[in-house]
1. For the list (1) closer than 20 Å to LEU476 by Cβ; (2) hydrophobic (A, V, I, L, M, F, W, C); (3) surrounded by 15 or more Cβ atoms within 10 Å (Cβ to Cβ), I need the number of the one condition that ILE554 fails.
2. Evaluate region 344-351: report whether one residue or more is aliphatic (A, V, I, L, M), in a loop (DSSP other than H, G, I, E, B) and touching a residue at least 40 places away in the same chain (Cβ under 8 Å).
3. Step by step: first the residues of region 412-448, then only those that are assigned to a loop (DSSP other than H, G, I, E, B) and free of Cβ contacts under 8 Å to residues at least 40 places away in the same chain, then the one that is nearest to ASP365 (Cα to Cα). Which residue is that?
4. Consider ARG225 carefully, then state whether it is farther than 14 Å from VAL133 by Cβ and either touching a helix residue (DSSP H, G or I) at 6+ places or on another chain (Cβ under 9 Å) or touching a residue at least 12 places away in the same chain (Cβ under 8 Å) (or both).
5. Has region 461-468 got at least one residue that is buried (at least 19 other Cβ atoms within 10 Å of the Cβ), over 21 Å from the mean Cα position of the chain (by Cα) and in a helix (DSSP H, G or I)?
6. Among the listed residues GLY511, GLY497, GLY515, GLY503, identify the single one that is in a loop (DSSP other than H, G, I, E, B) and either crowded, with 16+ Cβ neighbours inside 10 Å or under 49 Å from the mean Cα position of the chain (by Cα) (or both).
7. Looking at ILE122, ILE192, which is the one that is at pLDDT below 90, touching a His at 6+ places or on another chain (Cβ under 6 Å), surrounded by 15 or more Cβ atoms within 10 Å (Cβ to Cβ) and not polar (S, T, N, Q)?
8. Taking ALA278 as the residue in question, decide whether it is among the aliphatic types (A, V, I, L, M), assigned by TED's automatic domain parsing to the domain that holds LYS158 and either in contact (Cβ under 8 Å) with a residue 40 or more places away in the chain or part of a strand (DSSP E or B) (or both).
Amino acid sequence: MANKNRRQPIVAVLGHVDHGKTSVLDYVRSLGKERQSSVMAREAGGITQHIGATEVPAKLLNELCSPLMGGKEFLSPGLLFIDTPGHHSFSTLRTRGGSLADIAILVIDIMEGCQPQTLESIRILKQAKTPFVVCANKVDRIHGWKSVHGRSVADAMKDQDAHAQGLFEQKFWNMVGQFGEHGFNLDMYNRISDFTQNIALVPCSAKDGEGLQDLLAVTIGLAERFLEEQLSDVEGATEGTVLEMKEERGLGKTLDVILYRGEIKKGDEIIIATDTGARITRVRGLFRPRGMSEMRDAGDRWDAIDHVEAAAGLKLAAPDLDGVLAGTTLHVITEESKDEALLTAESESKISIDLDDEGIVIKSDTLGGLEALAFELRNLETPIPIRNAGIGPVNKKDLRSAENSSEPLNQAILAFNTDIQGETEEELSKESCEVVHIGSDVIYHILERFAEWRDERKNQIEEEKREKIVYPGKLLILRDHIFRRSGPAVVGVRILGGRLHVGQRLLKPDGSRIGQVKSIRTGDSSHKEAKQGEEVAVAIDGATVGRGIDEEDILLVDVPASHARRLRKLEMTSAEEEILEELTALHRKDDHFWGR
């Protein structure tokens, strides 16, 4: 029987895009539809839809999973699935003690194995020390696999031919290897004797509902076995996590909240964390969406309720909700807890990310998201310094901060799950803007794109440095290409190596000075430079054809000694290196220390 002194475990469903997270949640929502007369009924196995959550009661779980439980019943009142599709990443949903979810289901397409978002989820789960179960979804796509709706996977495995079983084993061992690389021992759920040492893998077909009862049984079994203390922590001050603030028609500003301890009533005084510090306000109304099918877009179809008990999702209306920080804790005030709750809210309203004097700007829609992004940046092979961190849309202040960075590679704003304000977006899109904005709802993608941008920017800076200094070149005056003999001499040349710039001085291989490049042209077009392999017409001030230079002569671009030192630190082509060595040998006949 369910224990009244326990709350139900809060379950997060994670995974790579298109691996079947939504299908698993849709299956959960569909449970018990035939068993209930009203979608909001809590009796007789009715599933309740909350804000951003779906509750499956113990009665229904016991019915569904009884073949696997050997007559045992679950102690918890049910399971509360956190469901915030496409909006919040698991890392942004947290309590003061860590992750908001007690346990997670990591959905992986068995045909594709671990993908970028899977790896990101694994990193976050590891960081938050959250126990999890792997749902190896889409087994029905294994060639020759026979699925039966609602069947236990233990029965399904026995019903497959040798070919399908062989293909399954191949995919299974591939995933075991991928998890091993991240320090996890993955094994089939029915082969595990010690769940503290191994991660359970449950093969499933969310489409056909096969193996889902095994998944739910393992999930709740794990939670009850290892999270007893956590789930029994139902006494004490009421606390919840703020998902987001919204403007609802007819209700004004509201908060979507997951309540994980205690109960909240209409008229209760609450403490919230805002961008200006802790704030006290009073609950004016509590609401739930009307009807399961309308959960995703309840619009103005809300049912008013008087009180809610944990664990639950709810919508709350109250005055003074401006500036509430998503991802922070909401406290219901009691005499004993008021001072401590105020201190907590005050500290949560101050972003506790260590900042550097020089670095990039990071933004997120929630405190948890900001901390997750900062954590990933700090733990890269080469940690990235952070100059400013904030919650909410990217604004002009963020842009100015990024612009003022003295290191060009730090002129970046990384934004996780948040937008850009209109005017700021206009500025960022201008060609003249040196700051890059990289935004996504997947931290992995932000880091990947930032690394690519830094590499491109480094190359660009190298190019700019090279353009400012004279670097070596070698050219051949072409036969029958003398266009003007002097004042200035204009001759056709081929660039044999390196490159040639307007303004550069030319030498002959014996060290005699020839003159300075005045212009470079091809046909009617003039150019600043010519590269190896190109044939161009060059005007040379101070040179006279027939006296000093002639057809088929080889000329060298002269390099100042200080530039030679800098060039050796830059990447050069092998031809440029050879020409620089030739120039060095030439100059060191007169100056032994030239270019050192």
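The values are calculated or read from the model by the stated rules, or taken from the named source; none is laboratory data. Keep in mind the model is a prediction, meaning the values are calculated, not measured. Because the Cβ atoms are built from the backbone with ideal geometry, glycine has one as well, and the counts that use them run over all protein chains shown.
1. (3) is the only condition that ILE554 fails.
2. The answer is yes, given that some residue of region 344-351 is aliphatic (A, V, I, L, M), in a loop (DSSP other than H, G, I, E, B) and touching a residue at least 40 places away in the same chain (Cβ under 8 Å).
3. Going through the qualifying residues, I end up with ASP419.
4. Taking the combined requirement at face value, the residue does not satisfy it.
5. The answer is no; no qualifying residue exists.
6. Going through GLY511, GLY497, GLY515, GLY503 in turn, the sole match is GLY503.
7. Answer to the check: ILE122.
8. no
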